[in-house]
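Have a look at the structure below before the remarks.
The values are calculated or read from the model by the stated rules, or taken from the named source; none is laboratory data. Remember, predicted model here, so these are calculated numbers, not experimental data. For neighbour counting, all protein chains shown are included, and Cβ atoms are generated from backbone atoms with ideal geometry for every residue, glycine included. Just so you know, the surface numbers come from the protein's heavy atoms only, side chains and all, with ligands and any DNA or RNA stripped out. Shrake-Rupley method; radii C 1.70, N 1.55, O 1.52, S 1.80 Å.
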Amino acid sequence: MKFVLSILCLLLTYGVYSQNVTHIKGRKYEGYSFPKEFYLEGFPPASNRYTLSDTDIYRAEEILLKNIPYLITPCSSHKVKLRKVRLHKYYRQYVGYIDGNKQILVHINFISKDTITSIKELSEDLIMIVDGGSSYWEMIINITTGKVISIKQNGYG
C-alpha cells in the first residue's frame, strides 16, 4: 500500500510541476513558449497564466506583423532616432495569460540574436534585462481582439 501511495504522489507531483517549455519555429520567428505550469515568479500572475497553443502564437505573430513597432536607437550624443524593428533579428519568449475579460494575452520578450550564444538558454527562464536598449524589448498582444496592448523598450545603461 505504501508503495502504491508513493507512486501516486510521485505522479501527482510530476503533473503539478510539469514545466515543458515548447520550442516554436515559424517561417520568420523562433523562440520558446512557457506553459502555465512553468514557475515564473509573479510574471505574469500565476492565477491568470495560460498555456499558448501553436495557433495562439501564430495569431500573435500575425498581429505583430501588422503592427511592427519602431524603437529608439541612439544616433550621436544626446540624439536619438526611431527605426522600424527588423523582427527576424530577434528570438522570442512567449508567455500567455487570460485577463479579467477572459481574453487571451500574449506577452512576448524579444532578445536580439546578436546577444545570445545559444538559443537553448531561452528555454530555461525568462530573460529579464534592465538595460540593453533595442536589443531587449517586450510587447503584449491581445489575440482575442487583435490589438497591441503595450510595447516596452529597455533603457540604455
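What to note about this one:
- Computed FRET value (nearest 0.05) for Asp125 with Lys152, which takes r as the C-beta separation and R₀ as 30 Å: 0.95
- Derived scalar couplings between HN and Hα for region 102-113 equal 6, 9, 8, 10, 10, 8, 10, 8, 10, 10, 4, 4 Hz in order, rounded to whole Hz, by the Karplus curve 6.51 cos²θ - 1.76 cosθ + 1.60 (θ = phi - 60°), x for Gly and Pro.
- With both labels modelled 7 Å from their Cα along Cα-to-Cβ, the Leu65 to Asn20 distance reads 2.8 nm.
- Whole-number percent relative contact order across region 93-154, with pairs defined as alpha carbons under 8 Å at least 6 apart: 34 percent
- Estimated distance in nm for a label pair at Asp114 and Leu82, the labels positioned 7 Å out from Cα along Cα-to-Cβ: 2.2 nm
- Carbon-plus-sulfur accessible fraction, region 94-133 (probe radius 1.4 Å, protein heavy atoms only): 49%.
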